[in-house]
Amino acid sequence: MPSLSAGFDRPSRVANRPVLENGFRLFFLAAAVWLPASLVIWLLLLLRGLPWTPALDGLAWHQHAALFGGIGAVMAGFLLTAVPSWTGRPALRGAGLLALFLLWLPGRLFGLFGGGAAALLALLADAAFFGTLAAFASREILASGNRRNLPVALLLGLFAAGCVLARLEPFLGPTVGGFGRHLGLAVVMMLLALIGGRVTPAFTRNWLLQRGRRPLPAEWGVWDKLTLLFWAATLLVWLAFPFGATGILFLVSGALHLLRLARWRTAATLAEPLVFVLHLGYAWLGIGGLLYGAALLGYGLPPSTAFHAFTAGAFGTMTLAVMTRASLGHTGRPLTADRTTSTIYLMVTAGAVLRLLASLWGENALLGTGVPALLWGGAYILFALGFGPILLRPRLTPVNSREDVER
């Protein structure tokens, strides 16, 4: 593992390499390239268009690549940017940041191929990457005495464990790998409720205050705690009994998420897509709870399709909401959505909705899978094209507002 202290406080070495100034630059770009690339590879696997077979079967590979590869990179970019804001400690940058990225990359490359050697190398690379990231976040939070954010570090450790278990599937069987992916999914779903439920009302409140508008979103209180506790319980039961009678729990959790969202003045943010998209991303958690809960009880969509409300909907929307906002705010750009940014949000939303409607197309794989994948993956490609120049160039002005800093 690289030294966690490498790359701290060496501004002269990164003066001409803006991409290594902060984790969001490098890892957001990596995620924006990898997620659509992994979708193309998965479609080729479905069509038997690859001359080789990965160690994980087609669906398992797709799930692992998107969850631990793509969403994992977004998590890394977010945490490497947010943790210094939470703790007041220096950010990982320069050589240390590059070393961490070079731990992420081999897991993606070796994971493409079959055979025990490639599977083992992918396992070791992912274990080193997520282990280092979890150790960094834990050390910085503990050293600063910032106990409020310690649950985030603990969840990151569970995410690392899920990734390792999923990588063990070629050696120990699909039961272990399936549980690892379920654990990773549960962690991301919990993080979206925890962090999304923190930044959405906070950024909405700041945006409304800047315009002198009232009333403001509700303050953190009993309802938020109840929603998070019930959501955590739902996910724990789901992990223990993934195919059991958890439908009622998901239905109740979905309703709680939507009622929580109703307290945050969503309608007032329609004029600014950069703020509204945070509400939309959180709304997908509630919608996903209702759809997936109903599916588990035998109503509506098949469970595997309904679950895309979480993955394509909540994961896709909230990651792009965070990626666009952080890229603008932390590079000194105005916190407002231009046409490119709004198009990104429309594409990821359309891709998620069409994926949920996939069962309407019957056996037509192009309409049911290909078109939604094109739209959803295209949103990340558009991010790479539109925000890549921003992430590769120096910051325009110093970050001088708490409004664009994750809390």
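Key figures
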quantity: The chain: relative contact order in percent, alpha carbon pairs under 8 Å with at least 6 residues between; calculated: 17
quantity: Cβ-based charge dipole, region 221-407, positive-most Cα from I287, L258, G313; calculated: L258
quantity: Packing-based order for 381-394, 219-232, 283-296, using average beta carbon neighbours within 10 Å, highest first; calculated: 283-296, 381-394, 219-232
quantity: Region 221-407 shape via C-alpha gyration tensor axes, a/c threshold 1.5; calculated: oblate
quantity: Estimated FRET transfer efficiency (R139, V353; beta-carbon r; R0 60 Å; 0.05); calculated: 0.90
quantity: GNM result for the chain, Cα springs below 10 Å: residue of P303, P334, P217 fluctuating most strongly; calculated: P334
quantity: Size of electric dipole in region 221-407: Cβ of Lys, Arg +1 and of Asp, Glu -1, about Cα centre, debye, nearest 20; calculated: 400
quantity: Farthest toward positive dipole pole in the chain [+1 Lys/Arg, -1 Asp/Glu at C-beta], among F230, L59, H330; calculated: H330
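A short reminder: the numbers here are calculations on the coordinates, not readings from a lab. Everything quoted here is computed from the prediction, not taken from an experiment. All Cβ positions, glycine included, derive from the backbone under ideal geometry; neighbour counts span all protein chains shown.
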